[in-house]
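Working notes, beginning with the structure itself.
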Amino acid sequence: MQSASLFERALVVPAMRDAVFKLDPRTMVRNPVMFTTAVVATVATVILVRNLSAGTGDPLFEGQLVFWLWLTVLFGNFAEALAEGRGKAQAQSLRQTKDQLVALRIGRNGATEQIPATQLRFGDLVLVCEGQQIPADGEVVAGVASVNEAAITGESAPVIREAGGDRSAVTAGTTVISDEIRVKVTAEPGSGFLDRMIALVEGASRQKTPNEIALTILLTGLTLIFLVAVGTLPAFAAYAGGSIAVPVLIALFVALIPTTISGLLSAIGIAGMDRLIRFNVLAKSGRAVEAAGDIGTLLLDKTGTITIGDRQASEFVPLPGVAEADLVAAARLSSLADTTPEGRSIVALAGGGEDLPANAEPVPFSAQTRVSGIDLPERIIRKGAVDAVLKLGAHPEAAVADLRRITDRIAQAGGTPLAVVENDRLLGAIHLKDVIKAGIRERFVELRRMGIRTVMITGDNPLTAAAIAAEAGVDDFLAEATPEDKLAYIRKEQAEGKLVAMCGDGTNDAPALAQSDVGVAMNTGTQAAREAGNMVDLDSDPTKLIEVVGIGKQLLMTRGSLTTFSIANDVAKYFAILPAILVVLYPALGALNVMGLSSPSSAILSAIIFNAIIIPLLVPLALQGVRYRPMPAASQLLRNLAIYGAGGVIAPFIGIKLIDIAVAALGLA
Amino acid sequence: MFTAILTVILIVGGTALLAWPLGKYMAALFSGRFAAADGIFTRAVGGAPAQDWKQYSLALIAFNALMFVFVFAMLALQHALPLNPDGQGPASLDLVFNTASSFTTNTNLQHYSGESTWSYLAQLGGLMWLQFVSAATGIAALAALARGIGEQASMGNFFLDLQRASFCVLLPLAIIVACFIALRGVPMTFDGAATVTTLEGAVQTIARGPAAAFVAIKQLGTNGGGFFGPNSTHPLENADFWTNCFQMVSLIIIPMACVWMFGRMIGRIKHAGVVFGVMAVLLLVKMTAAIGFETAPTQAFADLPVAQDVGNLEGKELRLGATTGPLWAVLTTSTSNGSVGAMHDSLNPLTGLVPMAGMWLNETFGGVGVGMINMFLYIMVAVFVAGMMVGRTPEYLGHRVEGREMRLAVLALISHPVLILGGTALFAATAWGAGTLNNAGAHGFSEILYEFSSAAANNGSGFEGLGDNTVPWNIATGLVMLIGRYLPIIVPLAIVGSLMAKRRSAESAGTLSVEGGTFGVMLFITILIFGALTFFPAAALGPVAEHLTLMR
């Protein structure tokens, strides 16, 4: 999926329009702080109109106040609309794709009829031929085809979809580019993957997460506290024999209540989901994204995540009495025709050299014999799994024992042994090594510092698994893992109070995906897996689990940091507005005007202008998230406290002073 | 200056040292480590079943309601009851209501002078009894809170906790303190007032009575209600330098020990250390400020030919030294004690702000038990914001903090400014308050503000300078004390009840640690922002305006 730049014109203009539509009280009330702001802005407007008609008051000053109060509300709406707008553009193109879909439905008699895809029901059979789009989510029941899924994933390299197994699921909107398949529809209209994706990117199905609800309560509480602090001021002023104008009280109130974080709150949530989407991961709920930040245990598949998928030859081990050169030469010859990465790595390890002799007859790998090799005149060379090679002929017991010793040693070191035999003479073994991905060890160190345990899941035997686990630096491993083992492991971790994340693709992964707190299903996986997980990775890249954790943390950090910033701003706002209000009661309180603001009305106006424009200024931060680097929680807190806490105290002193200079220079107050 | 620093170090530092073993003992006591003592009580009352937070709260409220009614009746009928050698007559019912509320809530706001209003029975059987059980109620509530957080299945039994706090903590300590101060000259007699002929030959009536017993629990239970009107500035309530020091120590020792008791009961002594540290820093900041402001001469004498090189001596007991006045003022308002060692009305304006700030925050060690409970509310808010800042959904010691917990915490935190600022606004704008002031202007405003702060914080000290024995004052502060007492006790129990029901999550390097200095900083800031920012306008219109106006 393509990402749009932050302030693209195509997004900003509709967002400005939506900001006005969002003034609808039914929408506003979802955000109590901004709703309160809108209510007091209305009151200030009424007072302004009344004063204008009566010819009293200071219309220039009060008019500006009202203007900036409404702008505060609109800026908050704008932030939300802008965050939503990015999803809407994506949803629009997805919806177009969906509306164009037509299906060739196969009737009971085997005949096909062309119908709009919206008429397809669960269980219908459809035929999809080369060049056609798949009309609905389903499962391939016959045939094999290569499918371009760019419409969903943005990745144009085609993938294979075939009946049976873990690659049978197809998604509506993707295109068959070769062959033809028969697909059984597995989604009712309106509930397919495409529909869900549209809803997700559009934010239509967005509900407040528990954390957002709790924060909203805290912010509402703060609003109430400041309502009391400001609401009691008229009585205090009356005691001191003076009075304070209502618009000024409203200005103080709005400046103190946490409008900044409240205006940005839903934008932060939407942007968090959006970040995942642009990362080609679809989260089914905001809650899942937040849970990702809380992960305590990561279950990672060995192959593809921890090791690169292919093994590499690392050593030739001849049997006693066999010259190493003989083994190397035989291994090289047997692999010259083998174009797999493993075969190529054997040739490379053997030092390359001349090409295949002209009279050679390569024997390709077959699932029956599980060996491959080469036939030359007088020389028959085979290599393969140890048991398979031994089955090819009878060998002296001593030689077999020697070979076993060698291969056991290789297995213990985390490698896979390949036996090599030439004309019934055992030569030795090739040590194929799992290659740990570059940098993955460092990632695990980082994760450990973040307090996350990594667990490697592998089908290897415990010996091999232990060796690879030690080399990769994971905290634990699950060898010869069955789906039941995974489920049991997840339950055990959860019983210890940890949140567990895993990724999976097969139908047999579905229970574990459903049990885990964050289950990322691979898009290449089966429908069952995709239903069970609460996230779907469109790129089917299990490594991404690590980044998903980071995105979840970043979302919460952004929320927390901006809350801190917003509340810390109050100190400066107090020092701007309070002296301006109270100086008429006690002239000596002018000493509290530590910023040296030019006049009381300019001070009030500057504070309220700062309060308004800080919202759009922080929109980029809210949408992109605060910078996140893996580090222990204590350092993370200190860092964010220093930036957003201390910064939140200092920034408004500077900002308000600068605005005051401008306001005074322009003669606005 | 040197003696001031030395006094602070000896009193605060010495008490902190003593609080450690006391906290250890209290934790053991409330963990049921003294089964034999508990057994006597449980056999006597026929069992002490485990309670959940609702049952515990209900028992607490029911017991306190009963005590309120009992003492209300005793005070109202004192003229008809024995032990009344000076023949005190009936008091007005609004004063009786205020006094019964005041002592039931551990506030001890006194709109009267004890020696001229109440009989010995009323003072000892009613008020002193409440000084024990109201303090014990606070300690019991903290024990229940700690059990809930410390992953125990139940919150314990209120009556068993009440008994433990009364008989195994407060009573033994009170006997020690009472004996010491009685030996130093504080009277302990059931004889009526003495009539003496002074050196001038005039005849003077000197009120006396069983003061030593009263004073001991007054200090230990953060009660603060004096036997005599002038409280601990009265020579018969605070005889000399040593009783003065001893009272200051006993004033703060149990609140300090409560922090360690909490830490031990939840199994997090380091966390308690951070909380203790934050409280201690707040205390030191306030002490430095108060003593610093008070070394400045009073502005009232600025134009008089008076040498003022020892700071503001107005309203101080010179027997006790000039620095102990502000020091006592800080200690008594940091804890919810409320006894006074100098007249707060006569403090320099900014010094007067310090005790008020202490009552606004109300958790710099705070009242026995309840100070730590108030701190718990700030901890909830601090872990919520800090938890998000480390990129996790917030947790406190593995308990997830969500909407319900925030709603309750915010409710309890809001109630404090609502009671103080709402009450002050009502009385400042009407004759109820404005008509009872001795001073006009900003200082008069401070007097009203102080009175409501003292009532809401269950402190009980008076700024004085206020004719507060009126029907509106008695009713209003009586209600404020009741709400300000029970809401912040019950709500935290409800929060913990809700936390207990959740699956507990494991802690790791990625979870917010509440055991480090960084969290201490976060907690400190949260307290200042949530506790103090609200009161900034009121402070500006009271002490700050007075100070700046006088400075001109």
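The values are calculated or read from the model by the stated rules, or taken from the named source; none is laboratory data. Everything numeric here is computed off the predicted structure, so don't read it as measured data. Here the Cβ positions follow ideal geometry from the backbone for every residue, glycine too, while neighbour counts run over all protein chains shown.
Residues in the range A:583-595 that are at the interface with chain B (Cβ under 8 Å from one of its Cβ atoms) and of a type in the set (A, V, I, L, M): A:LEU585, A:ALA588, A:LEU589, A:ALA591, A:LEU592.
Taken over the range B:394-439, the criterion of being within 26 Å of the chain's Cα centre (by Cα), at the interface with another protein chain (Cβ under 10 Å from one of its Cβ atoms) and among the β-branched types (Val, Ile, Thr) is satisfied by B:VAL410, B:ILE414, B:VAL418, B:ILE420, B:THR424.
When residues of the range B:405-449 are filtered for being aromatic (Phe, Trp, Tyr) and either surrounded by fewer than 21 Cβ atoms within 10 Å (Cβ to Cβ) or touching a Ser or Thr at 6+ places or on another chain (Cβ under 6 Å) (or both), how many remain?
1
Being part of a helix (DSSP H, G or I), modelled with pLDDT under 95 and surrounded by fewer than 17 Cβ atoms within 10 Å (Cβ to Cβ) is the requirement here; does B:ALA62 meet it? The answer is no for B:ALA62.
Does the range A:18-27 hold any residues that are surrounded by 13 or more Cβ atoms within 10 Å (Cβ to Cβ) and without any contact (Cβ under 8 Å) to a residue 12 or more places away in the chain, and which are they? Scanning the range A:18-27 gives a single hit, A:THR27. Among the residues of the range A:493-502, those identified as within 14 Å of chain B (Cβ to nearest Cβ) and crowded, with 18+ Cβ neighbours inside 10 Å are A:GLU493, A:GLN494, A:LYS498, A:LEU499, A:VAL500, A:ALA501. Comparison of B:GLY47, B:GLY13 shows that the only residue that is surrounded by fewer than 17 Cβ atoms within 10 Å (Cβ to Cβ) and under 24 Å from the mean Cα position of the chain (by Cα) is B:GLY13.
This table checks each residue for (1) more than 10 Å from chain A (Cβ to nearest Cβ); (2) within 28 Å of the chain's Cα centre (by Cα).
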position: B:ARG392; (1), (2): no, no
position: B:PHE445; (1), (2): no, yes
position: B:LEU449; (1), (2): no, yes
position: B:ASN458; (1), (2): yes, yes
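Between B:LEU548, B:LEU523, B:LEU493, the distinction of being within 24 Å of A:GLY590 (Cα to Cα) and either modelled with pLDDT of 90 or more or crowded, with 19+ Cβ neighbours inside 10 Å (or both) belongs to B:LEU548 only.
For the range A:237-247, give me each residue that is part of a helix (DSSP H, G or I) and more than 15 Å from A:VAL39 (Cα to Cα).
Kept after step one, since they are part of a helix (DSSP H, G or I), are these residues of the range A:237-247: A:237-239, A:246-247.
Listed by number, the residues that qualify are A:ALA237, A:ALA238, A:TYR239.
How many of the residues making up the range B:504-537 are in contact (Cβ under 8 Å) with a residue 12 or more places away in the chain, within 7 Å of chain A (Cβ to nearest Cβ) and either under 19 Å from B:GLY422 (Cα atoms) or not in a helix (DSSP H, G or I) (or both)? Result for the range B:504-537: 8.
Only one residue in B:THR15, B:THR99 is part of a helix (DSSP H, G or I) and touching a Leu at 6+ places or on another chain (Cβ under 7 Å). Which one? Of the residues listed, the single one that is part of a helix (DSSP H, G or I) and touching a Leu at 6+ places or on another chain (Cβ under 7 Å) is B:THR99. Within the range A:612-626, residues that are free of Cβ contacts under 8 Å to residues at least 12 places away in the same chain have Cβ atoms under 7 Å from residues that are not acidic (Asp, Glu) in no pair, counting only partners at least 6 apart in sequence or on another chain.
Whether any residue in the range A:289-297 is assigned to a helix (DSSP H, G or I), within 13 Å of another protein chain (Cβ to nearest Cβ) and under 30 Å from B:ALA532 (Cβ atoms) is what I want to check. No, the range A:289-297 contains no residue that is assigned to a helix (DSSP H, G or I), within 13 Å of another protein chain (Cβ to nearest Cβ) and under 30 Å from B:ALA532 (Cβ atoms).
Going through (1) surrounded by fewer than 21 Cβ atoms within 10 Å (Cβ to Cβ); (2) under 25 Å from the mean Cα position of the chain (by Cα); (3) aliphatic (A, V, I, L, M); (4) within 13 Å of another protein chain (Cβ to nearest Cβ) one by one, B:LEU487 falls short only on (4). Being at pLDDT 85 or above, touching a Ser or Thr at 6+ places or on another chain (Cβ under 9 Å) and more than 14 Å from chain B (Cβ to nearest Cβ) is the requirement here; does A:ASN534 meet it? So A:ASN534 passes the test. Selection over the range A:54-94 of residues that are at positive phi and either at pLDDT 85 or above or part of a helix (DSSP H, G or I) (or both) gives a count of 1. Taking the listed residues B:PHE276, B:PHE241, the one that is of a type in the set (Phe, Trp, Tyr) and modelled with pLDDT of 90 or more is B:PHE276, with no other qualifying. Of all residues in the range A:227-236, those satisfying the criterion of being within 7 Å of chain B (Cβ to nearest Cβ) and in a helix (DSSP H, G or I) are A:VAL228, A:ALA229, A:LEU233, A:ALA235, A:PHE236.
Looking at the range A:166-197, which of its residues are within 15 Å of A:ALA151 (Cβ to Cβ) and either touching a His at 6+ places or on another chain (Cβ under 7 Å) or among the acidic types (Asp, Glu) (or both)? Within the range A:166-197, just A:ASP195 meets the criteria. State all residues of the range A:481-492 that are surrounded by fewer than 21 Cβ atoms within 10 Å (Cβ to Cβ) and either touching a helix residue (DSSP H, G or I) at 6+ places or on another chain (Cβ under 6 Å) or under 22 Å from A:ARG287 (Cβ atoms) (or both); if no residue qualifies, say none. Listed by number, the residues that qualify are A:PRO483, A:LEU487, A:ARG491. For B:GLU363, the criteria (1) in contact (Cβ under 8 Å) with a residue 60 or more places away in the chain; (2) out of contact with any Gly (no Cβ under 6 Å at 6 or more places or on another chain); (3) farther than 23 Å from B:VAL471 by Cα hold in every case but one, which is (2).
Elements of the type strands (runs of 3 or more DSSP E) sitting completely within the range A:95-158 and holding at least 1 residues that are crowded, with 20+ Cβ neighbours inside 10 Å: these cover A:102-106, A:125-128, A:138-142, A:144-148. Could you tell me which of the residues A:GLY263, A:GLY241, A:GLY304 is of a type outside the set (A, V, I, L, M, F, W, C), in contact (Cβ under 8 Å) with a residue 60 or more places away in the chain and crowded, with 24+ Cβ neighbours inside 10 Å? So the residue among A:GLY263, A:GLY241, A:GLY304 that is of a type outside the set (A, V, I, L, M, F, W, C), in contact (Cβ under 8 Å) with a residue 60 or more places away in the chain and crowded, with 24+ Cβ neighbours inside 10 Å is A:GLY263. Modelled with pLDDT of 95 or more and within 20 Å of the chain's Cα centre (by Cα): does that describe B:ASN108? In short, no. Those helices (runs of 4 or more DSSP H) of the range A:520-629 in which 2 or more residues are within 30 Å of B:GLU546 (Cα to Cα) occupy A:544-568, A:570-582, A:600-624.
Matching residues to (1) of a type in the set (D, E, K, R); (2) more than 9 Å from chain B (Cβ to nearest Cβ); (3) more than 29 Å from A:GLU290 (Cβ to Cβ):
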position	(1), (2), (3)
A:PHE565	no, yes, no
A:LYS573	yes, yes, yes
A:LEU578	no, no, yes
A:ILE581	no, no, yes
A:LEU597	no, yes, yes
A:SER601	no, yes, yes
A:ASN611	no, yes, no
A:ILE615	no, yes, no
A:LEU638	no, no, no
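Does B:ILE379 fit the bill of being crowded, with 24+ Cβ neighbours inside 10 Å, under 23 Å from the mean Cα position of the chain (by Cα) and at pLDDT 90 or above?
Values: crowded, with 24+ Cβ neighbours inside 10 Å: yes; under 23 Å from the mean Cα position of the chain (by Cα): yes; at pLDDT 90 or above: yes.
So B:ILE379 fits the description; yes.
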